[in-house]
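Peer 1: Next up is a structure, given as structure tokens.
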Amino acid sequence: MDSNGSDSASRSVSRRDLLRLAGGLAAGGAAASLLPAGLITGLASSAQPAEALTCGTVPGNFGRMFPGLKKASWSLADLDLLASAVMAADDAEPTPEGQVDDEENADIDAGFTYIGQFIDHDLTFDNRPDDLITPTDPTTLANGRTPMFDLDNVYGSGPVGSPDLYQPGGVRLKLGAPLTGSPDHRSRDLPRDATGRALLGDPRDDENRIVAGVHSVFLRFHNLAVDVMRAEHPGWHDDRVLAAAQRFVRLHYQWAVLTDFLPTIVGQDMVRSVLPGFPGGARGPRLRFFNACNGMPVEFSVAAYRFGHSMVRPIYRINQAVAPRLPVFSTSMDPTQSLGGFQPSPPNFAIDWKFFFLLDGPRKVGQPQASYRFDNSLVFPLSLLPLPATGAGPASLAKRNLMRAVQLGLPSGQDVARAMGLWPLRDDQILIGKATGDPADATAITNVSHAFSGKAPLWTYVLAEATAEAFRVYNGQIHGPQRAPFRLGPVGGRIVAETFAGVMAADPSSVLNTPDFEPHRLLASNGRFGFRELIRRVTALG
């Protein structure tokens with residue numbers, strides 16, 4: 001067997017296996033088709049874009065959600081002070097397994113951190129040589145990803161434009177070498193060439209082992225969809241099988257984004273505000289600030305959507321076979337000593353997804369691991385970014401985020417809040433540091449530098465807002481117990497929700513413009529289909 005996953009024993013699922021699985025999942029155990037005729041017919045159809053958009057499509061450049069707002073800027077010295085206060089020191093004594101870590105966000109499983117990263121790699125890519133200093137108009141920057149939830153990080157430019165991603169015949173996607181160590185006996189590394197370079201639509205999906213594991217699940221989901229199409233329609237030609245499989249995968253992915261990931265991150269109330277009829281009714285969004293004509297907003301890509309950086313844990317357990325928990329990045333060149341990517345995975349590094357999502361059974365400490373809280377604290381390994389992946393500049397992720405915001409002329413968080421008709425947070429409510437409740441762990445932003453008085457970077461503001469929604473915050477401290485789930489607040493949540501909804505509404509083939517689509521009942525569990533169900537079904541089948 002080669003590293004492209006072309007072994008005949010495991011590359012396909014037989015029709016008998018598919019029907020047996022369908023029978024096991026269907027009510028009463030009766031065998032059933034995985035693809036009803038109505039859905040097959042709809043795979044080739046496209047609805048018209050939602051009328052709520054100014055433009056029918058999102059241009060392939062970056063732009064601004066609030067083009068009339070003043071650009072905020074600070075000195076490099078002040079940005080250094082803030083970045084240093086945000087980056088946590090190395091934790092010499094991590095919280096032991098089986099004990100609750102006071103930095104954990106019990107409301108969100110750790111797997112959503114890497115689902116969020118995978119989604120980001122589907123939507124945006126600024127792949128230019130970047131000094132992080134030269135002022136740059138975002139409207140001049142090309143977006144290296146299509147501004148759609150179309151999984152171009154998985155499919156690339158298709159079998160003609162990206163033939164290295166596809167198995168011979170151009171229908172199934174290549175898989176990597178088998179991995180062991182988890183109950184998922186079909187687990188695979190990413191497909192790689194002879195040098196170890198991953199064959200991907202977006203190379204960033206090899207940044208760490210966990211996002212690589214998410215990508216590998218989607219490779220298998222596509223191949224499973226191909227097997228289903230061929231089993232149900234043996235007379236279809238390859239082009240039709242590929243198009244139908246891609247459409248099937250994309251619609252289920254988009255549904256999971258809107259009904260699972262988005263409410264987890266911004267809360268169901270914000271989702272209802274932006275998508276009042278979805279699911280189950282009219283699917284057009286209510287957009288107050290997103291305008292498709294302006295391109296992918298940097299307020300989203302450079303600030304609000306970078307909330308995920310605060311969710312990263314310093315160390316993770318990936319399975320029972322790899323005994324120590326491992327850092328997400330490390331300076332060690334030994335691939336077994338961290339979860340850093342850009343090289344073949346150690347053979348026993350299969351992801352056991354029960355450590356990242358609640359798949360089965362009761363929740364307990366560490367199964368699944370929780371994400372870290374939305375706060376202005378990034379764990380120490382994120383000060384060790386692998387520079388070949390990030391380009392020139394500092395290895396500190398906090399400093400990179402802050403410098404890029406100034407370079408691209410983002411407005412302050414307070415100005416965006418006022419533009420939304422909201423009262424902005426006071427300086428004493430904008431905490432820098434860990435949201436643990438310990439006064440020694442965080443301080444008001446103006447204690448870092450008075451240069452930030454009334455003018456916090458938007459990324460910083462979005463994270464502080466999430467903390468201020470979860471706790472009562474004043475006088476530079478958290479007071480009392482947590483009062484609400486950790487989610488993005490009204491500024492960060494609306495930027496993310498409107499961008500997601502607006503981008504999908506501008507795509508005529510998206511789930512928002514396919515009013516009859518619902519996830520297939522054999523992929524859902526108790527009527528629910530999200531990323532947990534997707535992973536559960538793929539690891540059982542494909």
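Peer 1: What's the total number of residues in segment 77-117 that are under 26 Å from Val214 (Cα atoms), small (Gly, Ala, Ser) and assigned to a loop (DSSP other than H, G, I, E, B)?
Peer 2: 2
Peer 1: Now for a different question. Among the numbered criteria (1) surrounded by fewer than 22 Cβ atoms within 10 Å (Cβ to Cβ); (2) in contact with a Leu (Cβ under 6 Å, 6 or more places away or on another chain), which single criterion is violated by Asn513?
Peer 2: Asn513 satisfies all of (1) surrounded by fewer than 22 Cβ atoms within 10 Å (Cβ to Cβ); (2) in contact with a Leu (Cβ under 6 Å, 6 or more places away or on another chain) except (2).
For (1) open to solvent by 10 Å² or more (accessible area, probe 1.4 Å); (2) of a type outside the set (Gly, Ala, Ser); (3) closer than 30 Å to Asp360 by Cα; (4) at pLDDT below 95, each residue gets a yes or a no:
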residue	(1), (2), (3), (4)
Ile445	no, yes, no, no
His479	yes, yes, no, no
Pro490	yes, yes, no, no
Glu498	no, yes, no, no
Arg532	yes, yes, yes, no
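Per-residue answers, yes or no, for (1) within 30 Å of Arg288 (Cα to Cα); (2) at pLDDT 95 or above:
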{"position": "Ala212", "(1), (2)": "no, yes"}
{"position": "Ser216", "(1), (2)": "no, yes"}
{"position": "Val228", "(1), (2)": "no, no"}
{"position": "Val241", "(1), (2)": "no, yes"}
{"position": "Ala245", "(1), (2)": "no, yes"}
{"position": "His252", "(1), (2)": "yes, yes"}
{"position": "Met270", "(1), (2)": "yes, yes"}
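Peer 1: Further, regarding this structure: Step by step: first the residues of segment 387-416, then only those that are surrounded by fewer than 21 Cβ atoms within 10 Å (Cβ to Cβ) and among the small types (Gly, Ala, Ser), then the one that is modelled with the lowest pLDDT. Which residue is that?
Peer 2: Per the criteria, the residue is Ala389.
Peer 1: Can you find a residue that is crowded, with 22+ Cβ neighbours inside 10 Å and closer than 23 Å to Asp375 by Cβ anywhere in segment 332-345?
Peer 2: Yes: one or more hits.
Peer 1: Regarding Gly156, is this residue in contact with a strand residue (DSSP E or B) (Cβ under 6 Å, 6 or more places away or on another chain), crowded, with 18+ Cβ neighbours inside 10 Å and at pLDDT 95 or above? Before you say what the answer is, go through the steps one by one.
Peer 2: Details: in contact with a strand residue (DSSP E or B) (Cβ under 6 Å, 6 or more places away or on another chain): no; crowded, with 18+ Cβ neighbours inside 10 Å: yes; at pLDDT 95 or above: yes.
No; evaluated as a whole, the condition is false for this residue.
Peer 1: Among the residues of segment 207-251, write down those that are among the basic types (Lys, Arg), within 30 Å of Gly340 (Cβ to Cβ) and open to solvent by 10 Å² or more (accessible area, probe 1.4 Å). Outline the logic, then answer.
Peer 2: We begin by selecting, within segment 207-251, every residue among the basic types (Lys, Arg); these are 209, 220, 230, 240, 247, 250.
Going one step further and asking which of them are within 30 Å of Gly340 (Cβ to Cβ), we end up with 209, 220, 250.
Result: Arg209, Arg250.
Peer 1: Does segment 429-448 contain any residue that is under 26 Å from Arg288 (Cβ atoms) and assigned to a loop (DSSP other than H, G, I, E, B)?
Peer 2: Yes, some residue in segment 429-448 is under 26 Å from Arg288 (Cβ atoms) and assigned to a loop (DSSP other than H, G, I, E, B).
Peer 1: In this structure, does Ser371 turn out to be hydroxyl-bearing (Ser, Thr, Tyr), in contact (Cβ under 8 Å) with a residue 24 or more places away in the chain and either part of a helix (DSSP H, G or I) or open to solvent by 10 Å² or more (accessible area, probe 1.4 Å) (or both)?
Peer 2: no
Peer 1: Mind listing whichever residues of segment 471-499 are in contact (Cβ under 8 Å) with a residue 40 or more places away in the chain and among the hydrophobic types (A, V, I, L, M, F, W, C)?
Peer 2: Val473, Ile478, Phe486, Leu488, Val491, Ile495, Val496, Ala497
Peer 1: Anything in segment 166-175 that is of a type outside the set (Lys, Arg), in contact with a helix residue (DSSP H, G or I) (Cβ under 7 Å, 6 or more places away or on another chain) and surrounded by 13 or more Cβ atoms within 10 Å (Cβ to Cβ)? List them, or say none.
Peer 2: Start the filter on segment 166-175 by keeping residues that are of a type outside the set (Lys, Arg), which leaves 166-171, 173, 175.
Remaining after also requiring in contact with a helix residue (DSSP H, G or I) (Cβ under 7 Å, 6 or more places away or on another chain): 166, 169-171, 173, 175.
Within segment 166-175, Tyr166, Gly170, Val171, Leu173, Leu175 meet the criteria.
Peer 1: Also, quick follow-up: Looking at segment 271-305, which of the residues that are in a helix (DSSP H, G or I) and of a type in the set (A, V, I, L, M) is farthest from Tyr461 (Cα to Cα)?
Peer 2: Across segment 271-305, the extreme among qualifying residues is Ala292.
Peer 1: Another question, if that's okay. I need a count of the residues in segment 318-366 that are closer than 22 Å to Asp90 by Cβ and touching a Leu at 6+ places or on another chain (Cβ under 8 Å).
Peer 2: 10
Peer 1: Go through segment 273-295 and count every residue that is in contact with a strand residue (DSSP E or B) (Cβ under 9 Å, 6 or more places away or on another chain) and either buried (at least 18 other Cβ atoms within 10 Å of the Cβ) or closer than 20 Å to Val491 by Cβ (or both).
Peer 2: Matching residues across segment 273-295 total 5.
Peer 1: For Leu132, work out the one condition from (1) under 24 Å from the mean Cα position of the chain (by Cα); (2) at pLDDT 95 or above; (3) of a type in the set (A, V, I, L, M, F, W, C); (4) in a loop (DSSP other than H, G, I, E, B) it doesn't fulfil.
Peer 2: With respect to (1) under 24 Å from the mean Cα position of the chain (by Cα); (2) at pLDDT 95 or above; (3) of a type in the set (A, V, I, L, M, F, W, C); (4) in a loop (DSSP other than H, G, I, E, B), Leu132 is out only on (2).
Peer 1: Filter segment 71-86 down to residues that are in contact with a strand residue (DSSP E or B) (Cβ under 8 Å, 6 or more places away or on another chain), of a type outside the set (Phe, Trp, Tyr) and open to solvent by 30 Å² or more (accessible area, probe 1.4 Å), then give me how many there are.
Peer 2: Number satisfying all stated conditions: 1.
Peer 1: Assess whether Ala350 counts as being crowded, with 21+ Cβ neighbours inside 10 Å, more than 23 Å from Leu408 (Cα to Cα) and out of contact with any strand residue (DSSP E or B) (no Cβ under 8 Å at 6 or more places or on another chain).
Peer 2: In short, yes.
The values are calculated or read from the model by the stated rules, or taken from the named source; none is laboratory data. This structure is a prediction, so every number in the text was calculated from the model and none was measured. Cβ atoms come from the backbone with ideal geometry, glycine included; neighbour counts cover every protein chain shown. When the accessible area is computed, the model is the full protein with side chains, heavy atoms only, and any ligands, DNA or RNA have been set aside. Shrake-Rupley method; radii C 1.70, N 1.55, O 1.52, S 1.80 Å.
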